[in-house]
Structures are given as structure tokens and as C-alpha cells.
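**Student:** Shown below is the structure under consideration.
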Amino acid sequence: SAPGGGGGAFGLVGASASSVPPAHPTVAVDPPLLLFKNSPICVPAVSQIDVINTSERDELQVYAITADNVQFHPAMFKPQVLQPGARATIQVIFLPRVVGSVEGALTISTSAGDVSYPIRAHAVPNP
């Protein structure tokens, strides 16, 4: 191709790309709230959540998942990279220690920032 033609095409591509703001990875969690109902104390209850990369262009790195309450545990999580639109299923364990209502949150640390995810549970006496 002619040097002028190549330069013109490159210039148009550059102008087009610079006019579009860069996309940032975003995170969704399904379900929006994790609820454990009527779990007997001292008996582990297991549920799962999906961490979803809702970006159409950028990968999402999920570094760590931690809980702010000792009764909730993300099970055997390993850091991972989610491609655009991909999801990772994470098991969450509730091991109730006392009867009654319990609230907590998971912190999902990602390349898009930290996401706080609410958990509610209700523990009942062990039969």
C-alpha cells in the first residue's frame, strides 16, 4: 500500500479508538443476597454464588474472597481470571455456632476493586 494510504488509515483508527473511553471490568454476583434459612447449629450448610465478569471487552482478575464473620467460609477459593462474560461458581459454607439470626459479608477482591456481598442466615437448635 502507498505510504499516504497507510498513514491515513492508521490515523482514522487512532482517532476512532481514542474517542471511545476504555472499558473497565465490572463485577456482578448472583444471587444478589445469599440467605441460609433454618440451619441447625454445628451442621455445615453449603450454598453457592456466581461471580460474573459483566465486561464485554476486559478480563477480570479475582484475587481473593474473605468473610467478615467466622461462621461464613468461602470454600477452597483459588485466584482466577474471568474472560468477558465468564462466571466462577464459589461455594460458601455457613457453620452456625449459636441459635438466631446472623449477618455478614464476603469481600470479593478483584482487578475492578473490592465488592462487598451480603449474607444473612438463621440458625436453629440442633435436633
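**Student:** Determine the sum of side-chain charges near T107: Lys and Arg each +1, Asp and Glu each -1, restricted to other residues whose C-beta is under 15 angstrom from that of T107. Show your work: numbers first, answer last.
**Tutor:** Values: positive: none; negative: D68, E103, D114.
The answer is -3.
**Student:** Right, something else. Counting other Cβ atoms within 10 Å, keep those with at most 10, restrict to DSSP loop, and tell me which chymotrypsin sites (Phe, Trp or Tyr not before Pro) in region 39-127 are left. Intermediate values should be presented prior to the final figure.
**Tutor:** Values: sites: Y63, F72, F77, F94; in loops: F77.
Answer in residue order: no site qualifies.
**Student:** Using the Cα centre as the reference, give the magnitude of the dipole from point charges on the C-beta atoms of region 33-127 (Lys, Arg: +1; Asp, Glu: -1; all else neutral), rounded to the nearest 20 debye.
**Tutor:** Values: 6 positive and 7 negative charges, 70 e Å.
About 340 debye.
**Student:** Taking amide H positions as placed in the peptide plane 1.01 Å from N, state which residues far from A123 in sequence (5 or more) or on other chains have amide H under 5 Å from it.
**Tutor:** Answer set, sorted by chain and number: S39, G100, S101, V102.
**Student:** Apply 1/(1 + (r/R0)^6) to the Cβ-Cβ distance of T54 and R97, taking R0 = 41 Å, and write down the FRET efficiency to the nearest 0.05. List each step's numbers first, then the result.
**Tutor:** Working: r = 35 Å, r/R0 = 0.86.
Approximately 0.70, to the nearest 0.05.
**Student:** Something else about it: Which trypsin sites (Lys or Arg not before Pro) in region 25-127 pass both tests, a DSSP loop state and at most 15 other beta-carbon atoms within 10 Å?
**Tutor:** R57, R97
**Student:** Related question: Find, among the GluC sites (Glu not before Pro) in region 40-127, those assigned to loop by DSSP (not H, G, I, E, B) with at most 11 other beta-carbon atoms within 10 angstrom.
**Tutor:** On the way: sites: E56, E59, E103; in loops: E56, E59.
Listed in order of number, the matching sites are E56.
**Student:** Starting from 0.36 nm per residue, how many nanometres of slack lie between V70 and A45 once their C-alpha separation is accounted for? Don't jump to the answer; show the numbers that get you there.
**Tutor:** On the way: separation 25, 0.36 × 25 = 9.00 nm, distance 1.38 nm.
Taking 0.36 nm per residue and subtracting the Cα distance, the gain is 7.6 nm.
Throughout, read-outs are computed from the coordinates displayed, never taken from laboratory work. The shown structure was predicted, so the numbers you read here are calculated from the model rather than taken from an experiment. We place every Cβ from the backbone using ideal geometry, glycine too, and count neighbours over all the protein chains shown.
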